[in-house]
Every structure is written in C-alpha cells, then in structure tokens.
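The values are calculated or read from the model by the stated rules, or taken from the named source; none is laboratory data. No experiment lies behind these values; they were computed from the predicted model shown. Please note: Cβ atoms are built from the backbone with ideal geometry, for glycine as well, and neighbour counts cover all protein chains shown. Accessible surface is based on the protein model in full, side chains and every heavy atom, while ligands, DNA and RNA are left aside. Shrake-Rupley method; radii C 1.70, N 1.55, O 1.52, S 1.80 Å.
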Amino acid sequence: ATVNEGDSVPWVVLDEVLIISTPTCDNDEDKRRYYILRRKVIKVYPYAVMAGDKLDSLNLKLDDITKARYRKKYIKEYQKYLEERFEPELRKLTRSEGQILSKLIYRETGLTVYDLIKEYRSGWSAFWWSSSANWYDIDIKEPYQPTVNQEDRLIENILQRSFSQG
C-alpha cells in the first residue's frame with residue numbers, strides 16, 4: 001500500500017491478460033479449414049523453432065571462424081548434419097505444411113528461406129532450391145505478413161492462442 005496525503009492506497013499485482021480475437025467462421029467449411037490449418041501449424045512450428053535455434057548456434061560458431069574458406073567448409077558440414085538429422089521427417093510434410101514451415105521460419109529468423117540459403121550457401125544454390133520448391137507449389141521467397149495476408153493472420157492467431165494456453 002502507498003500512503004498519499006494521509007490516505008492509504010492498496011496495490012495489487014495482477015496477472016498479465018492477453019486478449020486474442022477469436023476467428024470468425026461463417027460456415028462449416030471455414031471452420032473445417034481453420035482446424036486443418038491449426039493442425040498443420042502445430043505440426044510444423046517445432047521445426048521452425050529448431051531452425052531459429054540452429055541458426056543462432058551456427059552464427060555463434062561462425063563468429064569465431066575468420067577465414068572464408070573455413071566458414072564455407074563449416075557451413076557445408078553443418079548442412080550435411082542437418083540433412084541427415086531432419087530430412088526424413090521433413091520429406092513427410094505435405095506441400096501446404098512446407099509452405100507454412102517456410103513462413104514460420106521467416107517469423108522466427110526474420111529472413112525468408114531463400115535469403116537464408118543465399119546468405120549461407122550462395123545465390124546459385126538459392127535459385128535451385130527456389131526452383132525445386134516451385135515444382136511443389138512452395139514459394140520460399142514469400143515473407144510472413146500477418147498484417148497483410150489473411151492466412152498469415154490466422155497462423156499468428158493460432159500461435160498466440162497456443163502460447164496463451166501453454
């Protein structure tokens with residue numbers, strides 16, 4: 001409590017309240033699409049978090065390496081390790097899950113998948129990855145924009161609701 005001019009004013013600390021809008025579903029089809037999207041987001045979000053963590057650890061290690069040749073060699077070895085570790089699981093994703101993963105990686109890292117490949121490998125490699133992803137209707141250059149894109153807004157809503165529920 002605080003005493004102000006002879007009056008005591010009690011202080012109470014309240015828990016944080018997060019207000020999240022509920023998505024409006026006009027019909028059963030919209031509701032079904034929302035739940036399908038929710039299932040896909042929850043499935044691929046752990047991979048996006050791992051990608052952000054792996055990128056942070058890679059950057060920490062690359063800060064210690066000064067020569068470009070050794071940096072390039074380390075990045076290649078790291079890519080090989082990641083491919084061996086995650087490729088079997090990621091190959092099982094559907095096309096839409098792959099696109100959602102690409103957007104969530106942008107959300108976690110601040111860079112599109114194309115820009116990450118271009119930065120750590122080369123523009124040529126990024127071009128070929130983008131071309132092969134386009135065969136599967138995945139755009140690795142597409143940023144995550146919840147203020148502009150309706151699907152991204154739903155993805156952000158799903159994530160915020162999941163965070164608030166633990």
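Over the Cα atoms of the chain, the radius of gyration divided by the Kirkwood radius equals 1.14; this is the Rg/Rh ratio. Of the complete DSSP H runs in the chain, those spanning 15 angstrom or more by Cα along the long axis with a mean Kyte-Doolittle score not below -0.5 are 123-135. Summing Cβ point charges (Lys, Arg +1; Asp, Glu -1) relative to the Cα centre of region 1-133 gives a dipole of roughly 1300 debye. Using a probe radius of 1.4 angstrom, the carbon and sulfur fraction of the accessible surface of region 7-166 is 54%. Here the simple spin-label model places points 7 Å from the Cα toward Cβ, and for ARG95 and SER122 these points are separated by 3.0 nm. Measuring between their Cα centroids, region 30-55 and region 106-166 lie 12 Å from each other. For region 58-113, the solvent-accessible area of protein heavy atoms averages 69 Å² per residue (probe radius 1.4 Å; ligands and nucleic acids excluded). Using just its DSSP H runs of length 4 or more, each adding -39500 (n - 2.57), the chain gives a mean residue ellipticity at 222 nm of -23000 deg cm²/dmol after division by all residues.
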